[in-house]
Amino acid sequence: MAVLSRLLFEDEGFGGNRQRYEDPRNSCLNDVLERRTGIPITLSVVYLDVARRAGVHAEGVNFPGHFLVRCRVGRGHGGHRRELLVDPFNGGRLLDDAGCRALLREHLGDEVTYDRRMLAPAGTRQILTRMLVNLKRLYVSMRSFPHARAAASLLLALDPLAVTELRDRGLLSYHLGRHHAALADLEAYLLARSRGVGEEDDESEGSSEYKQIWEHVKTLRRRLAGFN
């Protein structure tokens, strides 16, 4: 583990991009490899791949606000492997429960209580989803709607039942003036909501958001009807 961290964070010069954390390039693996800097999840992806090629049992950890890596090494009491939590964003430092509590407090404040269930493993699909959600959020904040729409499309490719991504892609298409595409996505979203697909307490048919989407659909229908 020490050799791996020395290789990546000293010899190769990988490190967290604190100065420009919100730079979208931090979420694009090709840029991370070229620039040797990124955010916790992309640096963790690099760490995971190198660790696995070196024969270390490693997996992603979908920790709130700050992605981590867990490695199982050696043999402890009873023949069980020891588990070590690694923070690639901070030079490969090792974390115990106290460190995880401090990290959670740093990112989410005192409102969220640390629970070891927050250390659940993250598979490839979950990692990709989190990276794309990051990118979509950044592109929306930059008003780069074509890129944000592309990220939403990739999220739907990963999970066709992700109705919130269907909604977001429809709204992004609306902003881009792609009215046919917007109408198709927003109508599909409303249909999914009416059938309870992905339903959440604050997104029922009577919610203000649902009504707002319905108003968008009616506006799009009128606008497209006027083109015929």
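Quick note: the coordinates plus some simple rules give every number you see, no bench work behind them. Everything quoted here is computed from the prediction, not taken from an experiment. Here Cβ is always computed from backbone atoms with ideal geometry, including for glycine, and neighbour counts include all displayed protein chains.
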Check your understanding: What is the extension gain from Leu108 to Leu176, computed as 0.36 nm multiplied by their sequence separation minus the C-alpha to C-alpha distance, in nm to one decimal?
Key -> 21.1 nm
Practice item. Can you pull the one-decimal nm distance between simple spin-label points at Thr164 and Met118, each 7 Å off the Cα toward Cβ? Key: 1.8 nm
**Study point:** In segment 1-91, the GluC sites (Glu not before Pro) that fall in loop regions by DSSP, at most 14 other Cβ within 10 Å
**Key:** Glu12, Glu22
Revision key, fill the gap. Note on segment 2-122: contact order normalised by length, alpha-carbon pairs under 8 Å, 6 or more apart, percent, works out to 22 percent
Revision key, fill the gap. So, relative contact order of the chain in percent, Cα under 8 Å, 6 or more apart, is 12 percent
Exercise for review: Can you figure out the FRET efficiency of His147 with Arg222, using R₀ = 35 Å and their beta-carbon distance, to the nearest 0.05?
Suggested key: 0.75
Exercise for review: Report the longest stretch of the chain that contains none of the trypsin sites (Lys or Arg not before Pro) sitting in a DSSP loop with at most 13 other Cβ atoms within 10 Å.
Suggested key: 82-142
**Study point:** Net charge contributed by nearby residues that have their C-beta within less than 14 Å of Leu155 (K/R +1, D/E -1)
**Key:** +3
Study note, to complete from the structure: Per the helix-only model, the chain has a calculated mean residue ellipticity at 222 nm (DSSP H runs of ≥4, -39500 (n - 2.57) each, divided over all residues, rounded to the nearest 500) of -16500 deg cm²/dmol
Revision key, fill the gap. Here the FRET efficiency for Asp96 versus Arg137, based on Cβ atoms and R0 = 30 Å and rounded to 0.05, is 0.50
Study note, to complete from the structure: Taking a ≥ b ≥ c as the square roots of the Cα gyration tensor eigenvalues, with a/c under 1.5 meaning rounded and otherwise prolate when a/b beats b/c or oblate if not, segment 1-145 comes out oblate
Check your understanding: How far apart, in nm, are the 7 Å Cα→Cβ label points at Gln19 and Arg35?
Key -> 1.1 nm
Study note, to complete from the structure: A chain fully extended from Ser194 to Lys211 at 0.36 nm per residue, minus the present Cα-Cα distance, gains in nm 4.9 nm
